[in-house]
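Taking it in order: structure first as structure tokens, then the write-up.
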Amino acid sequence: MQISYKFQDRFDLAIFIPTVLLIVFGLLAIYSSTLNHPTASGNFQKQVIFVVCSVVAFLIIYSLPQQTFKMFAVATYGISLFFLVAVLVIGKTVYGAKSWFGIGGFGFQPSELAKLGTILMLSYWLTYKNRDINNLKDIGVALMIGFVPVMLIMLEPDMGTSIVFAIITISLIFWSGISLFGLFVVLTPAFVIFASILGTYALIAALLLVIAILFFFKRDLFTSITVFIINLSSGFVFDYLYRILKPHQQKRIESFLNPMADPLGSGYNALQAKVAIGSGGFWGKGFLHGNQTQLRFIPEQWTDFIYCVIGEEFGFLGSVLVITLFFIIFIRLMKLSSTAKDQFSVSVVIGVLTLLFAHFAINIGMNVGVTPVIGLPLPFLSYGGSSLLIDVVTIGIVLNIYKNRKMHT
Amino acid sequence: MNDTSFGEPFRRKILYVIIIGFFSVCVVQLFHMQILQQLSYSEKSNENSVKPIYQFAPRGIFYDRNHQVLVGNKPSFTLRLTPSLYDKKITPYLEAILGVTPGYIDRILKQNESYSKFIPRKIAKDVSFKVIAWYEENAAKLPGIDYIMETQRDYSFGVMGSHMFGYAKEIPPEILQHRKEEYDPGDEIGFSGIEKTYEDYIRGDKGIKYVLVDSKQKTIGRYKEGKEDQSTIKGDDLILTIDKDAQRVAEEAFKDKRGAVVAMDPATGEILAFLSAPQYNLDDFAKVTSQEVWKNLNTDPGIPLFNRASMSTFAPGSTFKMISAIAGLEEGIIDTNYTITCSGGFQFGDRYFKCLHVHGRMNVSTSIEHSCNTFYYNLVNKLGIDIWSKYAKKFGFGSKTKIDIPEEAGGIVPSTEYYNRVYGKNGWTKGFVISLGIGQGELNVTPLQLAQYAALFANFGKSAKPHFLKGYVDNQTNKYIAVKPQTYDIGISKKSFDIIRHAMYEVVNGAGTAVSIKSLELQIAGKTGTAQNPHGKEHAIFVGFAPYDNPKIAIAVLVENAGFGSVAAAPIARDVIKAYLQKGKKEEINKVAASMKKEEQIAN
């Protein structure tokens, strides 16, 4: 089976097949949740068109020479930022967020392109000529690259996507070999913000902990004080951010803290999603036989709550199969990150892994009720052209990297 | 500055830990939800989408003793409001179309605000087709409003019977609290009269239809093709002891009078007619009773809601003389040869008790016939309070008859013990007792007790607990089940009864106080009475039974503020008796008339 071996050597079926299966699962779930729906019954056909477009994009990306990605990193990032600014001006408001361009009957979300742009740009900058990430200035620049799109997306506002960008940024900085202190500088503000959500005492405790750790690092006074001031101010950021959040977003946070308090209010989706998945049992209720899904107890189920269609109609078996397919992709990406040929490629693979994993974790977490309801699509499964296209393109990029891993320039 | 930087293997390890860790958390959580807690989630999922629609069971029909309908059912539309879906802006339009005063809807919502806001409230029953048409046209603009078909009480069968039938109403939250097992919000429950006593028989079993609804509560279809549905079972039909004709005659007679009629079968205790006048319209209670209706009923000077027949108490006047007479005969204090001379009254200490006439020589029979007071002042003085009291109680006075409706008063029969309690040991004199002999003073009885009293004379001291229920048709088996009357005997000699009964016969058929209603066919025996009324003109009373030889009906009639019993009360008693006793004859006459008509038609 030499041919077969050669094919596997150039094309990683362990990433490709799970991806295809996930897209098929997605189509089934979209079909089930939009069947007979008064307004969304055309979504299945649209998604099929998106899949076809994505396959074309995948083939193009896969066949590009590997240098292309590095060459176009800055350009992609620049175009992304341009679109992100433009969308704030001329974008279409959907669900209270200005995040869409309307092109004909279809829409396009520039934040999806920006995911790709940010991964490429960060990877480009972080791996540029053996850069040393461990000084405050370089950390600052890296953070800037990541947080400019974060800020622009927050203005739309789209909290979920902003969080994904933040995670990608932190993950890539971490991967670039940051020191413990550097990581401390990057991560503690987030930790302090989280503490401030829990209350004043938690905030004070967190700040005291930061001071204690600063003593442990024994850095110079200027650095220590700077770091402390960053932390102190982030303590008050949440309060500010909470106030600029839309009421429906505030409610989402509250309803995560106590979803049963208002079962028909904002906790409704979270509760109904759990009911759908839980009632699926081991075998599931059968394709097109889930009453939660068919009777539309979960609004817009084909987007962020697509996983509960799987949970309800395909049961524990289907649910575990889907997360296992993701798991296989993630593990393969980890493997690939150790065999890719240059630092840039490694960073891109980690970026793609982080992107997919962040979406996966936040989405599945919210569906099974272990994380707050943050509106994010599940890669490959959720209805939506932009995200499917970008997700498939990232797979195209990593398979391209896989194909070229043994070539030398 | 690369002192403590993470080496690549370490970074890799961290990422693996995160990925595998999260994967494990998800699998554990899925296992927990889908395997361990599947049942609980399934239940919730079904609660979501499977909605039970309750179908109210029609209440059992009331028939009279001859199987004629007294109270029936009719279909009606009930308009409902579900607060969780309701928009308060609709209220003015709704109130206008229903023709109710502003604030009506708010009031109803307030009355049952303790219920879940997802449960529909009935806001108007028996709404007209016009309202339903209006709703159908505007349904889209009326969130939270819907209507259901229900059955409602139909009182159009010729008798009102408001106090004995009583009414059923939507169960109020206070009562529901204690009966959550049996009732749901919106259910009807008997509030008074027979509707209350026999609630468990009449109410039937609610039906449940399961339907699938979507998240907007829109019905999508039936659940499991209706396999789990439970059909409605109508309540048990009641066969009442009432005679519709007698009841109708009584109601007719009291159209513009206040008072009460109670007629019963002396041997079985079956109530044949039961009326308290004025009555109220039970139809008003079959709807969601508006406050206006309540207010009118409660402020009406005729107090129509008050059940006079079993709750009003008064001194029964001369109708009570037979108690003293029986007591005297039974205790051997007097016999038929005993006489006194009435010279117009009775001197007791420094008080003079008057008689209405100067009757001359009186024995026990003539004293009843002519209603001589003097004879009874004397007699009760001889008997003493406690013997008199003992016999009054034997005839059922001073305690409830335990008739099968909840509204009943027991009345008062004074005794030594009673006077001591009320006035203190030395606070009363024997003079208090004298007027009891003619049924005046602190004696309090109800019309129902007087009917029972008449029945005991009719049937020689043997009777049965007065009751309305003759039997019922079991809704499960469709079998008629008869109710056995509880009979009793008060243990008084036939000899004494013979004397008194004959005197009562003479009251009507001799030269007594009620000769105006003398009738050879009916053979009524009875006694008139006049109850003193501190608030106005006296009440007229008549107690009696018929036919004298073989009594089939015993009756008590009270006409408020009507003066002497012979004038106002006795003719009503006669009419009711006639309606009951001559039923067979009338039917024969009707039959003959009908056949004659037929013959005529054929001849034509």
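With contributions of -39500 (n - 2.57) from each DSSP H run of at least four residues, the per-residue ellipticity at 222 nm computed over chain B stands at -10500 deg cm²/dmol.
Taking only alpha carbon atoms, chain A gives an Rg to Rh ratio of 0.97, where Rh is the Kirkwood radius.
Taking one quarter of the surface of the convex hull spanned by the alpha-carbon atoms of segment B:417-458 gives a direction-averaged projected area of 3.7 nm².
Dipole size of segment B:52-236 about its Cα centre, with +1 on Lys/Arg Cβ and -1 on Asp/Glu Cβ: approximately 380 debye, rounded to the nearest 20. The string of couplings for segment A:275-284 from the Karplus curve (6.51, -1.76, 1.60, θ = phi - 60°) is 4, 4, 5, x, 6, x, x, 6, 8, x Hz, one whole number per residue in order, with x for Gly and Pro. With kT/(6 pi eta Rh) evaluated at 4 °C and eta = 1.567 mPa s, and Rh the Kirkwood radius from Cα pairs, chain B diffuses with a coefficient of 45 µm²/s according to Stokes-Einstein. Around B:Val69, with a cut-off of 9 angstrom between Cβ atoms, what is the net charge of the other residues, counting Lys and Arg +1 and Asp and Glu -1? Net charge around B:Val69: -1.
Placing unit charges on the Cβ atoms of the charged side chains and taking the dipole of chain B about its Cα centre, the candidate lying farthest along the positive direction among B:Ile108, B:Val433, B:Leu450 is B:Val433.
Shown here for segment B:129-207: GluC sites (Glu not before Pro) in loop regions (DSSP other than H, G, I, E, B) with at most 11 other Cβ atoms within 10 Å, namely B:Glu181. Helix B:583-603 and the longest principal axis of the Cα set of chain B meet at an angle near 80°. Note on chain A: with a GNM built from Cα contacts shorter than 10 Å, the maximum mean-square fluctuation among A:Asp220, A:Asp158, A:Asp138 falls on A:Asp220. Near A:Ser111: Cβ cut-off under 12 Å, other residues only, Lys/Arg at +1 and Asp/Glu at -1. The net charge is -1.
Can you say what percent of the DSSP beta bridges in chain B, counting only those with both residues inside, are antiparallel? Round to 5.
Working: 76 of 79 bridges.
Counting only bridges with both partners in chain B, antiparallel ones make up about 95 percent.
Here the dipole of segment A:2-403 is about 460 debye; that uses its Cα centre as origin and unit charges on the Cβ of Lys and Arg (positive) and Asp and Glu (negative). B:Arg248 sits among other residues whose Cβ lies under 12 Å from its own Cβ, and their net charge, with Lys and Arg +1 and Asp and Glu -1, is -3.
What is the antiparallel percent of DSSP beta bridges lying wholly in the protein assembly as shown, to the nearest 5? Write out the running numbers ahead of the final one.
Numbers: 83 of 86 bridges.
Taking every DSSP beta bridge with both residues in the protein assembly as shown, the antiparallel ones total about 95 percent.
Between B:Ile412 and B:Gly398, B:Asn444, B:Val445, the built amide H atoms are under 5 Å apart, and every one of these is 5 or more places off in sequence or on another chain. Amide H contacts for B:Gly345 (H built 1.01 Å from N in the peptide plane; partners 5 or more residues away or on another chain; cut-off under 5 Å): B:Cys355. Each residue of segment A:333-349 was assigned a 3J(HN,Hα) from its phi angle through the Karplus expression (A = 6.51, B = -1.76, C = 1.60, θ = phi - 60°), giving 5, 4, 4, 4, 5, 8, 10, 4, 7, 9, 4, 4, 4, 4, 4, 5, 4 Hz with x at Gly and Pro. In the protein assembly as shown, if the dipole is taken from +1 on Lys/Arg beta carbons and -1 on Asp/Glu beta carbons about the Cα centre, which of B:Leu15, B:Pro316, A:His359 is farthest to the positive end? In the protein assembly as shown, that residue is B:Leu15. For segment B:52-236, evaluate the Debye formula with one uniform point scatterer on each Cα (no solvent term) and list log10 I(q)/I(0) at q = 0.13 Å⁻¹, rounded to two decimals. Results for segment B:52-236 at q = 0.13 Å⁻¹ read -0.78.
As a length-normalised measure over Cα pairs under 8 Å and 6 or more apart, the relative contact order of chain A settles at 25 percent. Toward the positive end of the charge dipole of the protein assembly as shown, with +1 on the Cβ of Lys and Arg and -1 on the Cβ of Asp and Glu, the farthest Cα among A:Leu325, B:Ser516, B:Ile189 is that of A:Leu325.
When all alpha carbon pairs of segment A:55-168 are counted in 5 Å bins from zero, the resulting P(r) reads 2, 11, 19, 21, 18, 15, 9, 4, 1, 0 %. Normalised by 2.2 N^0.38 Å, where N counts its residues, the alpha-carbon radius of gyration of segment B:283-584 equals 1.06.
Sort A:Val393, A:Val87, B:Val515 so that the residue with the fewest other Cβ atoms within 10 Å of its own Cβ comes first and the one with the most comes last. It would help to have the intermediate numbers written out before the result.
Values: A:Val393 20, A:Val87 24, B:Val515 15.
So the ranking, lowest neighbour count to highest, is B:Val515, A:Val393, A:Val87.
When chain A is treated as a Gaussian network with alpha carbon springs shorter than 10 Å, the biggest mean-square fluctuation among A:Ile374, A:Ile61, A:Ile204 belongs to A:Ile204. For chain B, the longest principal axis of the Cα atoms and the long axis of helix B:8-31 meet at an angle of about 30 degrees.
Under the combined filter of DSSP loop state and at most 14 neighbouring Cβ atoms within 10 Å, segment B:441-518 retains these trypsin sites (Lys or Arg not before Pro): B:Lys479. Distant-in-sequence amide contacts of A:Val94, defined by a placed amide H-H separation under 5 Å and a gap of 5 or more residues or a different chain, comprise A:Ser99, A:Trp100.
Antiparallel versus total DSSP beta bridges in segment B:52-236: what percent is that, nearest 5?
Close to 100 percent.
Averaging 1/r over each pair of different alpha-carbon atoms in the protein assembly as shown and inverting the result gives 36.7 Å, the Kirkwood hydrodynamic radius. Treating the beta-carbon of each Lys and Arg as +1 and of each Asp and Glu as -1, no other charges, what is the dipole magnitude of segment B:283-584 about its Cα centre, to the nearest 20 debye? So the magnitude is around 440 debye. Helix B:38-49 and the long axis of chain B differ in direction by around 70°, with both axes built from C-alpha atoms. Backbone phi angles across segment A:327-332, fed through the Karplus curve with coefficients 6.51, -1.76 and 1.60 (θ = phi - 60°), yield HN-Hα couplings of 4, 4, 4, 4, 5, 4 Hz in residue order; Gly and Pro are listed as x. The C-alpha radius of gyration of segment B:405-489, expressed as a fraction of 2.2 N^0.38 Å, stands at 1.64.
Since every read-out is calculated from the coordinates, none of them should be taken as a lab result. No experiment lies behind these values; they were computed from the predicted model shown. Please note: Cβ atoms are built from the backbone with ideal geometry, for glycine as well, and neighbour counts cover all protein chains shown.
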